[in-house]
Amino acid sequence: MHEFIDRSSVRQAGYNHGMDLTLNELELAINHWRRLRPSTGEERALSTEVNALANVYALMIYERARTRPLATLDPRVRDLIEAWRNASRSSAS
């Protein structure tokens with residue numbers, strides 16, 4: 001179905017900072033990656049990174065989910081989120 005969500009590990013849980021991804025965090029991560037990897041070509045195609053995050057965003061909007069456990073995301077998406085979090089921490093220091 002959606003390659004960026006592993007439904008076998010979806011759990012019902014509250015927000016756990018660092019273990020869950022909020023919709024707001026996802027928006028910030030998408031904007032971070034849009035700055036690093038802007039769209040290209042006449043068609044303004046999204047980069048691979050932004051496209052992967054946008055797929056998760058679309059699914060969360062469709063499901064009206066405010067958070068998503070990181071464990072349910074594809075490892076590539078988790079890596080993008082982790083890289084964004086690390087960059088955010090570095091720029092805040």
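The values are calculated or read from the model by the stated rules, or taken from the named source; none is laboratory data. On a predicted model such as this, the values are computed, not experimentally measured, just so you know. Please note: Cβ atoms are built from the backbone with ideal geometry, for glycine as well, and neighbour counts cover all protein chains shown.
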If you take the residues in the range 52-77 that are among the hydroxyl-bearing types (Ser, Thr, Tyr) and part of a helix (DSSP H, G or I), which one is farthest from Ser88 (Cα to Cα)? Tyr62
So for the range 66-78 (the condition being of a type in the set (A, V, I, L, M) and over 15 Å from Glu25 (Cα atoms)), does at least one residue qualify? yes
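Listed here are the residues, each with its yes/no results for (1) within 13 Å of Ala71 (Cα to Cα); (2) at pLDDT 90 or above; (3) not in a strand (DSSP E or B).
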| position | (1), (2), (3) |
| --- | --- |
| Met1 | no, no, yes |
| Ser8 | yes, no, yes |
| Arg11 | yes, no, yes |
| Glu25 | no, yes, yes |
| Ala29 | no, yes, yes |
| Arg34 | no, yes, yes |
| Glu43 | no, no, yes |
| Val50 | no, yes, yes |
Output for Cβ contacts, cut-off 6 Å, separation at least six or different chains, first residue without any contact (Cβ under 8 Å) to a residue 40 or more places away in the chain in the range 22-43, second surrounded by fewer than 13 Cβ atoms within 10 Å (Cβ to Cβ), reads Ser39/Ala45
Restricting the range 54-77 to residues that are touching a strand residue (DSSP E or B) at 6+ places or on another chain (Cβ under 9 Å) and not hydrophobic (A, V, I, L, M, F, W, C), which is surrounded by the most Cβ atoms within 10 Å (Cβ to Cβ)? Arg68
